[in-house]
């Protein structure tokens, strides 16, 4: 009886091509964004402890490391979102009859335009 052949895979398989490297970078940004969401949940928890406790927490957020964390979170979330919107047509091809909808229209209609629209709405509400 023969054994099944398992092709050996290098521990650094993702370094073989640039597509694999970009895939791993995008996945790592997702981990960072998830950690930031945990931080955000902690922020909501601090709000429940009262006004004074929340004001102290906000004062701590003005430190250099905290500002750096927020800038990194914004950059990683932006990179992750952009790469995901660009991958959407490959993950979800759309057809209208016999014709395939162009990838750019799927990325724009399913990602970029709603993202910009919602950002503008939040921006208008925040600047009131």
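Name the one entry in 82, 71 that is closer than 21 Å to residue 119 by Cβ and either loosely packed, with under 12 Cβ neighbours inside 10 Å or in contact (Cβ under 8 Å) with a residue 40 or more places away in the chain (or both).
Residue meeting the stated conditions: 71.
Taking residue 19, is it assigned to a helix (DSSP H, G or I), within 30 Å of residue 113 (Cβ to Cβ), modelled with pLDDT under 90 and out of contact with any helix residue (DSSP H, G or I) (no Cβ under 9 Å at 6 or more places or on another chain)?
yes
Anything in segment 119-128 that is more than 16 Å from the chain's Cα centre (by Cα) and within 16 Å of residue 74 (Cβ to Cβ)? List them, or say none.
The answer is 122, 123, 126.
Residues in segment 4-13: is at least one without any contact (Cβ under 8 Å) to a residue 24 or more places away in the chain, in contact with a helix residue (DSSP H, G or I) (Cβ under 9 Å, 6 or more places away or on another chain), in a helix (DSSP H, G or I) and surrounded by fewer than 13 Cβ atoms within 10 Å (Cβ to Cβ)?
To start, the set of residues in segment 4-13 that are without any contact (Cβ under 8 Å) to a residue 24 or more places away in the chain comprises 4-13.
From the residues that got through so far, the ones that are in contact with a helix residue (DSSP H, G or I) (Cβ under 9 Å, 6 or more places away or on another chain) too are 13.
Then drop every residue that is not in a helix (DSSP H, G or I), which leaves 13.
Among the residues that remain, those that are also surrounded by fewer than 13 Cβ atoms within 10 Å (Cβ to Cβ) are: 13.
There is at least one residue in segment 4-13 that is without any contact (Cβ under 8 Å) to a residue 24 or more places away in the chain, in contact with a helix residue (DSSP H, G or I) (Cβ under 9 Å, 6 or more places away or on another chain), in a helix (DSSP H, G or I) and surrounded by fewer than 13 Cβ atoms within 10 Å (Cβ to Cβ).
Kindly indicate which of 38, 28 is at pLDDT 90 or above, closer than 24 Å to residue 110 by Cα and under 24 Å from the mean Cα position of the chain (by Cα).
Within the list 38, 28, the selection yields 28.
Quick one: which of 80, 70 is part of a helix (DSSP H, G or I) and touching a helix residue (DSSP H, G or I) at 6+ places or on another chain (Cβ under 6 Å)?
Numbers: 70 fails: touching a helix residue (DSSP H, G or I) at 6+ places or on another chain (Cβ under 6 Å).
The match here is 80.
State yes or no: is residue 36 surrounded by 13 or more Cβ atoms within 10 Å (Cβ to Cβ), part of a helix (DSSP H, G or I) and in contact (Cβ under 8 Å) with a residue 24 or more places away in the chain?
In short, yes.
Six or more apart or on different chains, Cβ under 8 Å: which pairs go from a residue in segment 95-117 that's more than 15 Å from residue 83 (Cα to Cα) to one that's surrounded by fewer than 12 Cβ atoms within 10 Å (Cβ to Cβ) and modelled with pLDDT under 90? Could you list them?
The qualifying pairs are 100/93; 101/93.
What's the number of the only condition in (1) loosely packed, with under 11 Cβ neighbours inside 10 Å; (2) in a loop (DSSP other than H, G, I, E, B) that residue 65 fails to meet?
Residue 65 satisfies all of (1) loosely packed, with under 11 Cβ neighbours inside 10 Å; (2) in a loop (DSSP other than H, G, I, E, B) except (2).
Output yes when any residue across segment 58-69 is closer than 23 Å to residue 87 by Cα and at pLDDT 90 or above, and no when none is.
No, because not a single residue in segment 58-69 is closer than 23 Å to residue 87 by Cα and at pLDDT 90 or above.
The values are calculated or read from the model by the stated rules, or taken from the named source; none is laboratory data. Because the structure is predicted, anything quoted here is derived from the model rather than measured. Every residue, glycine as well, gets a Cβ built from its backbone with ideal geometry; the counts of neighbours run over all protein chains shown.
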